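Structure first, then comments.
The values are calculated or read from the model by the stated rules, or taken from the named source; none is laboratory data. Model, not experiment: these values are computed from the prediction. When we count neighbours, we look across all protein chains shown, and the Cβ atoms used for this are built from the backbone with ideal geometry, even at glycine. Please note that ligands, DNA and RNA were not included when accessible areas were found on the heavy atoms of the full protein model with its side chains. Shrake-Rupley method; radii C 1.70, N 1.55, O 1.52, S 1.80 Å.
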Amino acid sequence: MSARNLGKEEREAATGSGLRSQQWFGAEGKTGFMHRSWLRSEGLPDDSFRGRPVIGIANSWSELTSCNIHLRALAEHVKRGIWQAGGVPFEFPTTSAGEPLVRPTAMLLRNLIAMDLEETLRANPLDGVVLLAGCDKTTPAYLMGAASVDLPTLLLTGGPMLNGKYRGSDIGSGTSVWRFTEAYRAGQIGADEVAEAEGCMARSQGHCMTMGTASTLACISEYMGMQLPGTAALPANDSRRATAAHLAGRRIVEMVEEDLRPSAILTREAFENGVRANAALGGSTNAVIHLLALARRVGVELTLEDFDTLVRDVPVLADLMPSGRFLMEDFEYAGGTAGFAETLGDLLHRDTLTVTGRTLGENYTGAEVYDREVIRALDNPVKPAGSGIAVLRGNLAPRGAVIKQSAASPALMSHRGRALVWDALTDYLRDADDPELDVSADDILIVRNVGPRGYPGMPEVGNLPLPRKLLEAGVEDMVRISDARMSGTSYGTVVLHVVPEAAAGGPLALVRSGDIVALDVPSRSLTLEVDDAELDARRAAWAPRQVPGSERGWTRLYVEHVTQADEGADLDFLQGGSGAAVGPQAF
Ligand code: FES
């Protein structure tokens, strides 16, 4: 063992290093003894505590979060980089949330994960942190929690799965699930074919390989400056991702030395880059919720309207499912996030600061695109400028609602129809298979009480499955409206995030089956054609419902404090930050 005990002078020198961790490890007497001694049980030599940057590796690994299953292995590469750069790594777990499993919805746990991380970072002797995330909610939760503490922070997402392969065709996570299950419900394929497809989709470690929420958050967080350039789209199993992890470990030590914190990176311009990159990628509507929540953590003014007005000159340039044809593996081989950033050119602010200590523009200088089918040129877009997210308003959504135009049917963008309304998702799912259901393709399906407070957790159910009788008749899309979210891998003419939600007494709670609703995306309007006097009468008779599961525990806290979708569905008392100040010592 080459470890040596430090003398008093050396400890004082170390305490004066300015490192936050030295407020634990640099202390003398009983306090310092305890802080150092117990960690010696991990086999660390004494000089580990002598002024070296102490780096946390926050790990959302869990066997219940299959998309993050490889993050334990990736953490080892991060540690190598930290040791190599002279830091000391400590990996720690947090609450995790696997999108396909968590009930009632993984979104219910996003703020809990963020709070878990925030408290862990604040409470421990850490000078910086590498965030290992991937599945839909883990990435925004980690960014939110870390932003509220504002230690030097570097995000490393786990990377997408390899392309799904089924009978000679590529199939995409989520997107193909909807297609296979709808085809099965319509009687077009059998159970054997569905079972075979199940085994062919998730062929490797990693998060969903469509431009769903996970890929969206990974890519836009890179363009917001929080990930190393050119890494977000590297497949999970690509050895270059392990290299990226190693480099992330090295770089976070430098970031501590440079005191480079999220507050210097997550500026208004960085958020604008995220919003615009999301549009160009054909990214998820969930990015709206997560960026609104993150912006409020760091005090940046970002509004729902920004997701519409900032993107009107941004075309969809990534030909990726669910809006396009290809998958993330193709995107990486076509040039990845570096080639895509170069394609976007001045559609992104190029002078924003990033985790490299350089600007966004400097990070991607010289990047190339190798396949213009996947990453389109500006003059040959997948969808023209202004076909990304549109923000709707009207008496049905006074504070707004969103629709992903690139995933919707052009023929339904201006549509007026009879509303069919369900108060509960389970009721709709029961009726959707009823051959006697009175429904036509021109009707507008409305399910309510699926917002942040109402479900609770705002599940991804806005892309309601179509009624079976219409599917069997060949109908492929209908207008659907709800206060829910929808998976980033979904498609259809789906109006989401209606604010205020029904459970908060919004006008959505007042619609009745048979009312006429008018959707007009070009004019950004969503109108319930019922006069004000009638709506006032319905409002006077309305009473809030008991939210399922809200009697105790986290769900109670969540329901009492969750904000509406236009504010990011964060908890009201988690907006802003606690900072990295070290709290009092109890012994
Ligand atoms: Fe985890 Fe899609 S289910 S990223």
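The amide H of residue 352, built 1.01 Å from its N in the peptide plane, has 360, 361 as neighbours under 5 Å, considering only residues 5 or more places off or on other chains.
Sort region 32-115 into rounded, prolate or oblate with this rule: let a ≥ b ≥ c be the square roots of the eigenvalues of the Cα gyration tensor; rounded if a/c is under 1.5, and if a/c is not under 1.5, prolate when a/b is larger than b/c, oblate otherwise. Don't skip to the answer; put the middle values down first.
On the way: a/c = 3.08, a/b = 2.13, b/c = 1.45.
Taking the square roots of the gyration eigenvalues as a ≥ b ≥ c, region 32-115 is prolate.
Pairwise Cα distances in region 20-169 exceed 18 Å in 60 percent of cases. Across region 405-501, the convex hull enclosing all Cα atoms gives 96 Å³ per residue.
Most simply put, the chain has about 45% antiparallel DSSP beta bridges, counting only bridges with both residues inside it.
Per residue, the solvent-accessible area of region 128-257 (1.4 Å probe, heavy atoms of protein chains only, all protein chains present) comes to 27 Å². Per residue, the convex hull spanned by the Cα atoms of the chain amounts to 152 cubic angstrom.
Only lysines eight or more places from residue 30 in sequence, or on another chain, were considered; those with a Cα closer than 20 Å are 8. Note on region 542-587: with neighbouring protein chains present and a 1.4 Å probe, carbon and sulfur make up 53 percent of its accessible heavy-atom surface.
Derived scalar couplings between HN and Hα for region 575-581 equal 5, x, x, 9, x, 9, 4 Hz in order, rounded to whole Hz, by the Karplus curve 6.51 cos²θ - 1.76 cosθ + 1.60 (θ = phi - 60°), x for Gly and Pro. Calculated FRET efficiency, residue 42 to residue 119, Cβ-Cβ distance, R0 = 22 Å: about 0.50 to the nearest 0.05.
So how many Å³ per residue does the convex hull of the Cα atoms of region 348-435 work out to?
Details: hull volume 22.1 nm³, N = 88.
It comes to 251 Å³ per residue, whole-number rounded.
Would you please state the base-10 log of I(q)/I(0) at q = 0.23 1/Å for region 267-386, with intensities from the Debye formula using one equal scatterer on every alpha carbon? Results for region 267-386 at q = 0.23 Å⁻¹ read -1.39.
Put simply, when 320-327, 426-433 are sorted by average Cβ atoms within 10 angstrom per residue, most first, you get 320-327, 426-433.
Let me know the shape class of region 188-318, please: from the alpha-carbon gyration tensor, a ≥ b ≥ c as square roots of the eigenvalues, rounded when a/c is under 1.5, otherwise prolate if a/b is greater than b/c, or oblate. Could the numbers behind the result be given before it?
Details: a/c = 2.62, a/b = 1.31, b/c = 2.00.
Oblate.
Binning the alpha carbon pair distances of region 122-202 at 10 angstrom intervals from zero yields the distribution 16, 32, 19, 17, 13, 3, expressed in whole percent. For region 297-361, taking the reciprocal of the average inverse distance between every pair of different Cα atoms yields a Kirkwood hydrodynamic radius of 14.1 Å.
Identify all aspartates and glutamates with a Cα-Cα distance to residue 165 below 20 Å; exclude those on the same chain that are fewer than 8 residues away in sequence. The qualifying aspartates and glutamates are 182, 192, 193, 196, 198, 238, 319, 329, 330, 332, 373.
Can you order the peptides 164-170, 224-230, 81-87, 282-288 by their average number of other Cβ atoms within 10 Å per residue, highest first? Walk me through the numbers before you get to the answer.
Details: 164-170: 13.7, 224-230: 24.7, 81-87: 19.7, 282-288: 27.9.
Top of the packing list down: 282-288, 224-230, 81-87, 164-170.
Here the relative contact order of the chain, from alpha carbon pairs under 8 Å that lie six or more residues apart, stands at 14 percent. Probing with 1.4 Å while keeping every protein chain in the model, the per residue accessible area of region 403-460 equals 38 Å².
Amide H to amide H, with H built 1.01 Å from N, residue 447 comes under 5 Å of 422, 481, counting only residues 5 or more places away or on other chains.
In order along region 559-565, the phi-based Karplus estimate (6.51 cos²θ - 1.76 cosθ + 1.60, θ = phi - 60°) of 3J(HN,Hα) comes to 5, 6, 10, 5, 8, 6, 4 Hz; Gly and Pro are listed as x.
Once the Kirkwood radius over Cα pairs is known for region 528-587, the Stokes-Einstein relation at 4 °C and 1.567 mPa s delivers a diffusion coefficient of 82 µm²/s. Per residue, region 474-575 exposes an accessible area of 39 Å² to a 1.4 Å probe, with every protein chain left in place. At q = 0.21, 0.26 Å⁻¹ the log10 of I(q)/I(0) for region 247-318 amounts to -0.89, -1.09, computed by Debye summation with a single uniform scatterer per C-alpha, solvent ignored.
Surface composition of region 241-321: carbon plus sulfur atoms hold 48% of the accessible area, using a 1.4 angstrom probe and ignoring ligands, DNA and RNA.
Scoring 101-114, 255-268, 536-549 by mean Cβ neighbours within 10 Å over their residues and listing the highest first yields 101-114, 255-268, 536-549.
Straight-line cross-link partners of residue 383 among the lysines, defined as a Cα under 19 Å from its Cα and at least 8 positions apart when in the same chain: 404.
Couplings 3J(HN,Hα) of region 232-248, computed from phi: 4, 9, 4, x, 4, 8, 6, 4, 5, 5, 5, 5, 4, 5, 4, 5, 4 Hz, in residue order, whole Hz [Karplus 6.51 cos²θ - 1.76 cosθ + 1.60, θ = phi - 60°; x for Gly and Pro]. In terms of its C-alpha gyration tensor, region 486-587 comes out prolate, because a/c is 1.5 or above and the ratio a/b outweighs b/c.
The alpha carbon centroids of region 245-317 and region 121-135 are separated by 19 Å.
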